Amino acid sequence: MKRTYSRWVGRAVIGVFVWGGSGFPERLEAQTPRSVGKISGRVTLTGPIPPPVVYTPTKDTQTCGAGVHTSDEFLVSSDGEIEHVVVSLVGIPTGTAQNVLVPVTLDQRGCRFIPHIVLIRPSATLEILNSDGVLHNVRTTGSKNPSFNKAQPKSVRKMKHVFHIAPETIRVQCDAHSWMSAWIVVQEHPFYAVTDKQGRFALSDVPPGRYTIRYWHERLGERMGTATVAANQTTTVDVAFTIKQEEN
Ligand SMILES: [Cu+2]
């Protein structure tokens, strides 16, 4: 497997806003749907846009595909829009938001993890699928939630796992196909999202208040922002990451 990384990658210059308070209402459960608002926005990259991260499968090519593939690890459009940024409200009191435990799926298809970033709540069931006719194995690297390493031959179409501790961002890899990677973001409330190909995100049903927002990308790192939400209104926030080209 050949893998090419931009020399720029990982040279993130992250600005951090200083902010002074959580702003979360004490009784979110008292909010009615009428009194909530929405936060939407777009996450972009300023400065030069790096070339994509690519990989070339060297085994199971009938399933994984031959030739050069673009990794999901660092996708930036020609307009600088960043996909796969996790956008989260920070500091919301545990147990105060609605906590519907919907099963979440992580598929292995074409020797890629789909989706690349899984959002899941503690105690919700993660269903791990193998849609390929080849052996995969799912290995997580966490610090709060116990790591696991499960082989998944083609005969095992579905495995299940539950994470109990939040918040945590957990890396997922497959040792059979070293280019396969994903992230599982465990969070105790529903106010988080992943940016799409246009760098866009939306957080719905947010009670009015002033919030800290965390933006996280696996290669660009973290930055913080704020937003003030009013009832029945959409607050727009646009955020930019910057990477600095490596000298020489
Ligand atoms: Cu695999």
Label point distance in nm, Q233-K197, each placed 7 Å from Cα along Cα→Cβ: 3.4 nm
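With +1 assigned to the C-beta of every Lys and Arg and -1 to the C-beta of every Asp and Glu, and no other charges, what is the dipole magnitude of region 100-188 about the Cα centre in debye, to the nearest 20?
In total the dipole reaches around 160 debye.
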Cross-link partners of K38 among aspartates and glutamates (Cα-Cα below 16 Å; sequence separation of 8 or more within a chain): D205, D238
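Between T46 and S155, take the C-beta separation as r, use R0 = 35 Å, and let me know the FRET efficiency to the nearest 0.05.
Numbers: r = 48 Å, r/R0 = 1.38.
So the FRET efficiency works out to roughly 0.10.
What is the projected area of the convex hull of the Cα atoms of region 100-188, averaged over all directions, in nm²?
Working: hull surface 19.4 nm².
Computing the convex hull of the Cα atoms and averaging its projections yields 4.9 nm².
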Residue among M224, G209, F191 farthest towards the positive dipole end of region 155-248, charges placed on Cβ: F191
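Just order 186-192, 137-143 by mean Cβ neighbour count inside 10 Å, highest at the front, would you?
On the way: 186-192: 20.1, 137-143: 16.3.
Per-residue mean Cβ counts within 10 Å order the peptides as 186-192, 137-143.
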Violating pairs (Cα-Cα greater than 23 angstrom) within the set K59/K197; K59/K150; K59/K154: K59/K197
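Work out how much length D205 to K38 would gain on full extension: take 0.36 nm times their residue separation and subtract the Cα-Cα distance, in nm to one decimal. Walk me through the intermediate numbers first.
On the way: separation 167, 0.36 × 167 = 60.12 nm, distance 0.61 nm.
In short, 59.5 nm is gained.
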Interchain or long-range residues, amide H under 5 Å from R200's placed H: V43
FRET efficiency estimate (nearest 0.05) - Cβ-Cβ, S178 to S78, R0 41 angstrom: 0.90
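Rule-based calculations on the coordinates, nothing more; no lab input. None of the values given here were measured: they were computed from a predicted structure. We place every Cβ from the backbone using ideal geometry, glycine too, and count neighbours over all the protein chains shown.
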